[in-house]
Amino acid sequence: MHWIPLTLGALGALLLVLAPGAELGLKARPLPQEPLACLGETRSLIVSSGMPYTPVRVQGHTGFFVVDLGADGSAISPGTFLGGAAGKAAVGAGSSGGNSAAGAGGAAGGAGGAATPVPLPGSSDRFAGVDFFGPWAPLRLSVQDHSGIRGPLPQAGLIGTDLLNAHVITLDYANGLLRRAPAAGFCSDGELRRAGFLPLSSRDYYGTSGSALRCPASPRRGGCPNIPTIPLRIGSVGAVAQVDTGYADGLRPPSMNINRALLQRLERAGMPLIREPGADLTLSSCVRGAVERVLAYRLAAGRAVELVGSDGGAVRRLPGVTLFLKDSPAAIQACGGIGTWSEPAAQLGASFVNDGTLVVDPFSQRLWFRGGLKPLGAQGFRGSLDRGQT
């Protein structure tokens, strides 16, 4: 296999030479880590802005979807597929010439029919013709506009846990692969441990669609958010943390959100955080016109965030973490999230796991992690383009 390093300029140029309807394979350059066959079938994975993307075809159109463990519902942005105007503009922004973007959009678009994916007649959010690890029956996808999201790749949608939790999913950043396996035939604990993986519990927070989840730290009514959530520790203070691969924290990696309860627990334990007012953010919310001010902090020297394994030991220990306080005001409490939780909780940015391999097992309600890649550069981009399998 011939590997071509992928730069922003090369993306538009290489897409230009693909024939209409050709499959796109975007892969990370592999390290000498032998993939386990028991992790299952594969498709391409690329890291852009720190987040894992995979190409998905909908009605013959190709778009790049974020594999978003922090979302329990999947979404589509029809205008940011490669054949759409926004998709062309996004590719063009990273290409060396304006003509390349137009050609890329035309080459990668659908095989006739509408210029972008369209919902079924009489529906606003049900889409037929979705191909993700093979064809799916019509899916309900939240229609969103991702044209304002800037980055090396146009974001055409999100693959949430509603489409992931029937299989064991592996985000193999080290080899540029997204993998999927059924419970039967998946790796044994011994195989995973011998390959260097360490387990973390997500019990009561993430499971198959039929699982009885309690999410004890969450006040959400009407069911738990089915999001992988693991133990976290800072010094002597413990909490739970959502693993959010769709949280782009490339500007200040690694970053994580915390709630008021965790901030107060740290202060009572004699570990006050240090304010970083220059990094404060103002975020939009699910309520029209309502925003949330998010305050930035950092840990004192010598402190680190630990991801706690099933045996109580630290699977990862990361110093230099930026912490953003999510303290949701009353106007946006209905939006949910850790800012509404009364128990100490956090939300991990994508960079907490995108330098290794992450296995997400809804059947045993565990995650497994193995490190293995150098940190991403400032652009949060790693990959190369191969015209093989997707």
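For the stretch 118-126, backbone phi angles converted through the Karplus equation (6.51, -1.76, 1.60; θ = phi - 60°) give residue-by-residue couplings of 10, x, 4, x, x, 10, 9, 9, 10 Hz, Gly and Pro being listed as x.
Taking each residue as 0.36 nm, the span from ALA115 to SER209 lengthens on full extension beyond its C-alpha to C-alpha distance by 30.4 nm. Other residues with beta-carbon under 12 Å from the beta-carbon of SER236 carry, at +1 per Lys or Arg and -1 per Asp or Glu, a net charge of +3.
In a shell of Cβ-Cβ distance under 11 Å around ARG260, excluding ARG260 itself, what net charge do Lys and Arg (+1) and Asp and Glu (-1) give?
Net charge in that neighbourhood comes out at -1.
Computing FRET efficiency as 1/(1 + (r/R0)^6) for ARG150 and SER342, where r is the C-beta to C-beta distance and R0 is 41 Å, gives about 0.70.
Working from label points 7 Å from Cα in the Cα-to-Cβ sense, the PHE363 to ALA37 distance is 1.8 nm. Cα-based radius of gyration for the stretch 246-368, normalised by 2.2 N^0.38 Å, reads 1.11. Near the amide H of ASP244, within less than 5 Å, lie the amide hydrogens of LEU348, all on another chain or at least 5 residues away, with H placed in the peptide plane.
On full extension, the segment bounded by VAL143 and LEU251 gains 36.2 nm, given 0.36 nm per residue less the C-alpha separation.
Count Lys and Arg as plus one, Asp and Glu as minus one, and take only other residues whose Cβ is under 9 Å from that of GLU306; the net charge is then +3. For the stretch 121-228, the Kirkwood hydrodynamic radius from C-alpha pairs, put into Stokes-Einstein at 25 °C and a viscosity of 0.890 mPa s, yields a diffusion coefficient of 144 µm² per second.
Quick note: the coordinates plus some simple rules give every number you see, no bench work behind them. Keep in mind it's a predicted model, so treat the numbers as computed, not measured. Note: ideal-geometry Cβ built from the backbone for every residue, glycine included; neighbour counts use all protein chains shown.
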